[in-house]
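Read through the structure below, which is laid out as structure tokens, and then see the notes.
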């Protein structure tokens with residue numbers, strides 16, 4: 001029996017961004033480039049090695065072998081392995097040039113032929129492929145290995161490892177949709193989290209990103225048995241009475257043991273909703289974009305609400321470099337009068353009145369937000385808070401990038 005010898009050095013795709021280095025290659029897509037040249041998906045013109053059919057392998061094109069490893073959990077730590085077999089049916093000896101993997105999480109070994117050595121006519125070459133699951137993310141997986149012959153720019157065989165990786169945890173529901181929530185009211189939804197009992201025991205309270213102090217998580221019960229040998233825990237997700245007016249949005253995730261944090265990040269639920277109150281704003285975010293260093297910048301936000309509320313609102317900024325002022329001007333609105341003309345059609349007739357004389361009239365005020373010329377360079381993130389007489393708060397996130405001052409500017 002031939003001893004296996006390692007013939008493939010793990011390929012590092014320097015042309016890819018670090019966050020995408022170990023991303024799964026979608027089926028049917030071109031693989032990522034790897035030095036010294038881009039590797040095509042399928043064997044091209046030239047000699048093609050014959051795929052030897054084995055258990056668990058299929059072939060949908062000449063020179064292409066596919067092993068479907070099925071569905072595996074992201075909790076798996078053992079390598080995903082399979083033995084492919086290719087045969088030289090050309091009638092003449094062929095020289096193995098090299099074997100190349102699509103990413104550094106995949107490696108291959110042959111059973112006795114090194115790069116530069118011949119594959120005799122009629123010889124079957126076994127290639128052992130192993131994928132390290134520690135670098136896989138949840139979702140479809142498609143890892144490739146290409147076999148090259150000397151003098152051929154295209155691979156003589158393409159070997160694929162495909163399957164599906166399930167996340168460490170599953171959330172039900174995956175979308176926590178609170179819908180409209182009245183200001184000063186409390187609303188809760190139930191979130192069920194399923195996974196292996198050993199992992200669930202290590203979890204703390206979920207985290208919402210970006211953080212919102214008005215959203216809390218209450219663990220309702222202990223770990224309960226679930227289907228397929230898994231376990232589950234439930235949380236009440238609560239939007240509290242102190243929630244500010246405006247959009248609710250964020251991502252719910254867990255932090256676990258340090259070794260599991262990256263893999264846990266692939267399991268999450270989304271949270272959406274809107275807190276309705278006495279006033280509203282459009283747009284709901286103050287995005288000033290890039291601001292020249294040493295220059296002031298302004299943006300106006302339309303705030304709507306009853307006249308008796310808007311005229312008594314207070315405004316504050318959380319940053320010394322950002323100020324805001326609520327400007328209210330007299331407005332004429334159309335109201336339905338209680339009088340009728342003495343002639344047909346004898347129906348109530350609209351009349352124009354000054355909204356400033358009608359306490360409950362809906363009016364619009366302009367919130368003028370100003371970034372000071374003294375703001376330091378870099379990202380500026382803060383908020384403006386408008387508070388009504390009853391204590392309801394409308395929070396408007398403020399974002400700007402302050403450019404460095406130019407020389408002589």
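Observations, loosely collected:
- The distance linking the range 113-166 with the range 180-241 is 43 Å (Cα centroid to Cα centroid, whole angstrom).
- Of every Cα-Cα pair in the range 170-276, the percent that sits beyond 17 Å: 52
- Were the residues from residue 230 through residue 109 laid out at 0.36 nm apart, the gain over their Cα-Cα distance would be 40.0 nm.
- For the range 59-131, the spread of Cα positions along the three principal axes, ordered from largest to smallest, is 46, 25, 18 Å.
Bear in mind that the values in this text are calculations on the coordinates, not laboratory data. A quick note: this is a predicted structure, and the numbers were derived from the prediction, not measured.
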